[in-house]
């Protein structure tokens, strides 16, 4: 049995919602075969520079567990 025949047999067993998922996944795989267009380096904009300041009232990478005792 070929892969195509196995796929069709499996596809017919699945409910319609999962058949749509299979179709979406096959489309995803097909699109992965096509290389993404590359922008010339001259067209790239520089990233914004950050000053490293955290606005007042924000916590910087630390979670305060006292406000949520369940954790």
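How many of the residues in region 1-16 are in a helix (DSSP H, G or I) and surrounded by 10 or more Cβ atoms within 10 Å (Cβ to Cβ)?
Selection size over region 1-16: 6.
A quick yes/no check of all residues on (1) surrounded by 10 or more Cβ atoms within 10 Å (Cβ to Cβ); (2) in a helix (DSSP H, G or I):
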residue	(1), (2)
18	yes, yes
23	yes, yes
26	yes, yes
32	no, yes
38	no, no
45	no, no
48	no, no
53	no, no
56	no, no
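Any read-out appearing in this document is the output of simple, stated calculations on the displayed coordinates, not a laboratory observation. Owing to the predicted nature of the structure, the values given are computational and were not obtained by experimental measurement. As a convention, Cβ positions derive from the backbone with ideal geometry for all residues, glycine included, and neighbour counts pool all protein chains shown.
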